[in-house]
Amino acid sequence: MVEQLVPTGLLPVDGPTLLEQLQRNCDSRGNQPAFISIDDGKALTWNTLFEWVERLAHFLHSRGIVANDRIAVLGENSFEQLILYYGIQSYGATYCTINTEINRNHLLEMLDRIEPKLILWDDALDPDAIGHGSTGEWLAFSAGDTGEGLFASLAKFEEGTPANADNDPEDRCVICFTSGTSAQPKGVLHSFSNYQAIAQHQLDRWALTSSDRVLEFRAISWASAHMISLNATMLSSATLLFAKNFSRSRFVSWIETYQPTIIVAVPTVVNMLLEHPIKNGKQVFSSVRFISCSTAPLMPDAHQRFEEIYGVKLIQLYGMSEGGIVAANAPDTRVIGSVGSAGMYQEITIRDDTGKTVPPGEIGEIETVSAQHAQAYLHADGTIETIRGKPLKTGDLGYLDDAGFLRITGRAKDVIIRGGVNISPLEIDALISQHPDVIEAVTFGVPDPVYGENIASWVTISSDSRISTEDLIRYCTENLPEAKRPNTIEIVEEIPKNHRGKIDRNAAKELWQAAQ
């Protein structure tokens, strides 16, 4: 157990650097796999990873790269991406990550904002689509065994004591971007210190050991993958099982072949497995200690049904690109309907509209101060706004129960104000989703000449259901107070989702308004 730290403080000075931790993993598990690509079954050992990190360090040193110099990496999940992720940080420079698919409209501006010394890109990408040559020096690498580009150059460097950038714990290790779509995403500047704090949280909360095998199929170009799986597997010397993306058709064979002990998932995957259950599901998941579920709240009814069908625990957590892991459940003490208790080094406060702290059980905006916080935002105009050491307003509404477990009730901007009464749409989503014929629900406010706003819900239902909108309205009448009952309910084929698989409440509202 890591020594408890005051929220605004720094990490203990005895925390290992990434390079030191990598050396420890080689000493204890050198010939064991650090990563396994489950798309093709190939593995990379800790010793081989360290050899590549050594070569990369000499390469970066030869280019005059120093601490806080920014290196952008563009590509999909691959061994090469992982080597660059750990290698750039082990050297002491700043790894900059952009999801090229989702942020295509912002990519050129993001690269200009980062001002990278080098841009390392997977040559399988379309160079025109990623703005090749737009800024900085571009070097291609090939994901796979082609032996071309950057990695062919790295192979020419001798192994040996890695050069390093002589970085400090408060120097920047990663620049990522928030997952905004319509607005310009914020750049987030992370320090080695706050990334270490997040890794220590995950190690402790999940009780990770070197025998764990963590399955990650989300893009490693998002900070969420760094925080939940990549940093923690390094700190525990566990094995990372990775895929380029989720595959419903191959999911069972992945589990049966590679026997993960932890699966990192999102609610969309959980709902998919509920809609089309896996045959002999309990047997299939027999190796799995638990499944992590994050990025969006999971309805309690869906949570319970999943555990009954598959016999494996779902562990919810709540995090932010700039805030780290704010709260998380532990496998042995998880509370269904909650995202868990405050993360390590996190101090959570719930405040009302006036900024006053509210007692347990009362809903307000979630605010946190933490050593897990990123250093700062990097805005589109190049200005830097400090985050760390200050209260971070999350924009999410929720409450702490008497046991200190955090429950999310919605986004502050999503609150429906009907006749002066504040209504959380997530509460209505949860109630409707409890109906056995309902798969998903999304509720949003719509204009009303009398009440200012009224309540509309969209639902998707199971393929064999004959339920009608009248049935659902009657169900809500029986189970919700009058002020919270949807004025209209519509059964739809699909509920809009954003690129992270989260239900997109704003998109649903916009589609509803367009239809009117």
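If the condition is being touching a helix residue (DSSP H, G or I) at 6+ places or on another chain (Cβ under 6 Å) and modelled with pLDDT under 95, then region 221-245 contributes no residue at all. Taking (1) closer than 28 Å to Gly395 by Cα; (2) surrounded by 13 or more Cβ atoms within 10 Å (Cβ to Cβ) in turn, Glu482 satisfies each apart from (2).
The residue list Gly395, Gly382, Gly337 contains one member that is more than 27 Å from Thr443 (Cα to Cα) and not polar (S, T, N, Q), which is Gly382. For region 465-473, the criterion of a residue being touching a residue at least 40 places away in the same chain (Cβ under 8 Å) and under 30 Å from Trp222 (Cα atoms) is satisfied by no position. On the stretch given as region 365-399, residues that are free of Cβ contacts under 8 Å to residues at least 40 places away in the same chain, over 21 Å from Asp171 (Cα atoms), open to solvent by 40 Å² or more (accessible area, probe 1.4 Å) and not in a loop (DSSP other than H, G, I, E, B) total 1. What tally of residues in region 172-190 results from selecting those that are modelled with pLDDT under 95 and over 28 Å from Ile503 (Cα atoms)? So the answer is 0. When the helices (runs of 4 or more DSSP H) confined to region 400-516 are screened for residues that are of a type in the set (D, E, K, R) and over 22 Å from Ala302 (Cα atoms), those reaching at least 1 such residues are found at 469-479, 505-515. Of all residues in region 1-28, those satisfying the criterion of being at pLDDT below 95 and among the hydroxyl-bearing types (Ser, Thr, Tyr) are Thr8, Thr17.
Residues of region 390-410 that are among the charged types (D, E, K, R) and in contact with an Asp or Glu (Cβ under 6 Å, 6 or more places away or on another chain): Lys393 alone. Residue check: Asn99 meets all listed conditions (1) closer than 30 Å to Ile255 by Cβ; (2) modelled with pLDDT of 95 or more; (3) of a type in the set (S, T, N, Q) but one, namely (2). Contact map, region 254-278: residues that are closer than 20 Å to Asp40 by Cα and at pLDDT 95 or above paired with residues that are among the acidic types (Asp, Glu) and open to solvent by 10 Å² or more (accessible area, probe 1.4 Å), Cβ distance under 7 Å, separation 6+ or inter-chain. No pairs are found.
Here the strands (runs of 3 or more DSSP E) wholly within region 146-225 that include at least 1 residues being open to solvent by 20 Å² or more (accessible area, probe 1.4 Å) are 172-177, 213-216.
The values are calculated or read from the model by the stated rules, or taken from the named source; none is laboratory data. Here the structure is a predicted model, which means the values were calculated and not measured. When we count neighbours, we look across all protein chains shown, and the Cβ atoms used for this are built from the backbone with ideal geometry, even at glycine. Keep in mind that these areas ignore ligands, DNA and RNA; they rest on the heavy atoms of the full protein, side chains included. Shrake-Rupley method; radii C 1.70, N 1.55, O 1.52, S 1.80 Å.
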